[in-house]
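Quick notes on the structure that follows.
Laboratory data are not the source of any read-out in this text; all were calculated from the coordinates shown. Please read all numbers here as calculations on a predicted model, not as lab measurements. Heads up, the Cβs are rebuilt from the backbone with ideal geometry, glycines too, and the neighbour counts pull from every protein chain shown.
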Amino acid sequence: MKWFDYSAPRTLDEALDTYASHPHARLLAGGTDLLVQMRAGRKETDLVIDTKRIPELNELHCNGALTLGAAVPCCRIYEDAAVKSAFPALAAVASIIGGIQIQGRASIGGNLCNAAPSADSIPLLIALGATARIVYKGGERSVPVEDFCTAPGQNILQPGELLVSIQIPKPEPHSGSHYLRFIPRNEMDIAVAGAGVAVTLNGGTITAARIALASVAPTPLFVKAAGDALVGQPATEESVNKAALLAKDAAKPISDMRGTADYRRHLCAVLTRRALRAAIVQAQEA
Amino acid sequence: MQNKVQVHTTINGEEVDFLCEPRQSLLECLRDNLNQTGTKEGCNDGNCGACTVNLDGRIVTSCLVLGVEAEGRQITTIEGIAKGNQLHPLQRAFLEEAALQCGICTPGFIVAAKALLDHEPNPSEDRIRWWLANNLCRCTGYDKIIRAVQKAAAVLQEAKA
């Protein structure tokens with residue numbers, strides 16, 4: 001790696017000051033993407049700002065709604081009883097990103113900022129209606145997660161802006177969510193395609209639904225039409241199939257070493273269907 | 001600026017100060033700056049697990065940790081697993097079950113497996129395989145490694161009883 005300096009601010013203000021005076025700095029959380037990319041020469045900087053000692057970025061607080069600090073490692077998410085109970089799908093997603101060693105370091109905030117089309121956590125965050133809390137010197141803004149990624153590896157953060165946390169609203173009663181991906185092995189792999197869904201039921205009727213896909217577009221893909229088509233419909237196999245086909249139609253995949261575009265489109269329907277079934281069961285039991 | 005940084009940390013129970021460049025990984029600091037070469041470099045991008053160390057009670061791939069991040073932390077490497085000349089039951093089981101051939105992956109497997117047994121003394125085979133998914137071995141086909149971990153778990157359980 002090329003030479004860089006290192007700063008580990010203890011407060012958010014200190015971090016923002018440092019970042020404002022070094023707009024080309026790189027922010028480090030778990031480092032499981034950044035250090036790999038810097039070593040490969042794909043990213044360069046003269047300053048790395050380690051965000052792990054900033055209290056706001058380490059906050060994990062669940063009181064129905066969830067505040068997920070941007071540097072909280074995956075292991076803390078699936079070890080937290082309150083999170084596991086309120087957001088089981090999020091705990092599950094945190095346990096399939098990389099292996100145990102990666103989960104001890106990698107954060108969901110980092111997964112979001114890295115903006116990979118294949119990021120496992122992002123479709124679920126979108127389905128759950130999560131927002132990104134972004135802070136800069138002198139202000140802050142909040143952005144829906146579906147608007148955060150702009151291209152492969154690119155996001156809306158401007159120099160000097162820092163992702164502090166991800167906010168997930170409290171799910172309505174009788175809600176369920178699920179993320180499913182397809183990988184050719186059991187673990188430690190990148191999604192060929194993935195589907196994150198969330199549904200809310202009132203009796204046998206779906207009253208709200210959100211669906212998002214991984215690895216089938218330049219960014220994680222929010223398929224609003226597929227979720228909207230479920231609203232007011234009975235929670236039946238027929239409704240689920242209809243939404244799954246809408247998700248498939250919305251996918252814009254490429255062919256690469258992981259799979260062909262056709263195969264990925266096929267997977268979108270299968271994964272959306274299966275994820276919806278699981279989310280509906282969860283909502284019925286909630 | 002290009003100044004080296006002094007890092008104060010604890011490695012295998014001993015307080016250590018070392019000087020490093022911020023760009024050096026913890027793996028490089030251990031091997032090149034501190035001459036603790038038990039921790040191995042494999043892929044150097046977090047996939048193979050050969051460089052696994054324990055950092056504040058959690059296993060991490062030390063190639064994806066900066067040496068400067070070790071400031072004030074507790075690190076256990078493969079050098080800290082045996083007690084003097086007394087091998088840890090995991091080390092003994094790896095030998096007895098022939099759970100290694102070339103040996104490059106072994107320190108990582110043992111540090112990772114120890115973290116599992118420290119928290120879950122009686123893991124299922126599935127759990128062991130899942131836990132060790134971030135450690136690659138190109139020689140053994142894994143079965144012997146899994147058997148060694150199971151044997152060590154049994155030995156540790158017996159010692160407690």
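The amide H of A:S165, built 1.01 Å from its N in the peptide plane, has A:A70, A:R133 as neighbours under 5 Å, considering only residues 5 or more places off or on other chains. In a reduced charge model with +1 at each Lys and Arg Cβ and -1 at each Asp and Glu Cβ, the range A:55-168 shows a dipole moment near 100 debye about its Cα centre.
Spin-label model, A:K170 to B:E79: label points 7 Å out along the Cα-to-beta-carbon direction sit 5.3 nm apart. Residue by residue, the range A:111-128 carries 3J(HN,Hα) couplings of 4, 5, 5, 5, 6, 6, x, 8, 3, 6, 7, 5, x, 5, 4, 4, 4, 7 Hz when phi is fed to the Karplus relation 6.51 cos²θ - 1.76 cosθ + 1.60 (θ = phi - 60°); x denotes Gly or Pro. Only the Cβ atoms of Lys and Arg (+1) and of Asp and Glu (-1) were treated as charged; on that basis the dipole of the protein assembly as shown about its Cα centre amounts to roughly 940 debye.
Mean sequence separation of contacting Cα pairs (under 8 Å, at least six apart), scaled by the length of the range B:89-160, corresponds to a relative contact order of 51 percent. Expressed to the nearest 5 percent, the antiparallel share of DSSP beta bridges inside the range B:5-80 is 90 percent. Can you tell me what percent of all Cα-Cα pairs in the range A:175-285 are more than 18 Å apart? Considering the range A:175-285, 42 percent of its Cα-Cα pairs are separated by more than 18 Å. When the alpha carbon coordinates of chain B are projected onto the principal axes, the ranges are 53, 33, 25 Å, largest first. Summing +1 for each Lys or Arg and -1 for each Asp or Glu among the other residues whose beta-carbon sits under 11 angstrom from that of B:G46 gives 0. Positive end of the dipole of the range A:5-50 (Cβ unit charges, origin at the Cα centre): among A:G31, A:P9, A:G41, the Cα lying farthest that way belongs to A:G41. Remark on A:L28: its backbone amide H falls under 5 Å from those of A:I49, A:D50, A:T51, a criterion applied only to residues 5 or more positions apart or on other chains, H modelled at 1.01 Å from N. For the range B:63-77, the Karplus equation 6.51 cos²θ - 1.76 cosθ + 1.60, evaluated at θ = phi - 60°, returns couplings of 6, 10, 10, 7, x, 5, 6, 6, 3, x, 9, 10, 10, 10, 10 Hz by residue, with Gly and Pro reported as x. Between A:A81, A:A127, A:A94, the GNM of chain A built on Cα springs shorter than 10 angstrom shows A:A81 fluctuating the most. How would the protein assembly as shown be classified by its alpha-carbon gyration tensor: rounded, prolate or oblate, with rounded meaning a/c under 1.5 and the a/b versus b/c comparison settling the rest? Oblate. The aspartates and glutamates within cross-link reach of A:K2, meaning a Cα-to-Cα straight distance under 15 Å and a gap of 8 or more places when in the same chain, are A:E44, A:D46, B:E21, B:E28. Between A:Y19, A:Y263, A:Y78, the GNM of chain A built on Cα springs shorter than 10 angstrom shows A:Y263 fluctuating the most. Its DSSP H runs of at least 4 residues, each contributing -39,500 (n - 2.57), put the calculated 222 nm mean residue ellipticity of chain A at -9500 deg cm²/dmol, to the nearest 500. For the range B:1-55, rounded, prolate or oblate, judged on the Cα gyration tensor with a ≥ b ≥ c (square roots of eigenvalues), a/c < 1.5 rounded, else prolate if a/b > b/c? Since a/c reaches 1.5 but b/c is at least a/b, the shape of the range B:1-55 is classed as oblate. Residues whose amide H lies under 5 Å from that of A:N202, counting only those 5 or more places away or on a different chain, are A:T207; hydrogens are built 1.01 Å from N in the peptide plane. Within the shell defined by Cβ-Cβ distances under 15 Å, the residues around A:S21 carry a net charge of -4, with Lys and Arg each +1 and Asp and Glu each -1.
The phi torsions of the range A:236-252, fed into the Karplus equation with coefficients 6.51, -1.76 and 1.60 and a -60° offset, translate into couplings of 10, 4, 5, 4, 4, 4, 5, 5, 5, 6, 5, 4, 4, 5, 7, 5, 10 Hz, rounded to whole numbers, with Gly and Pro shown as x.
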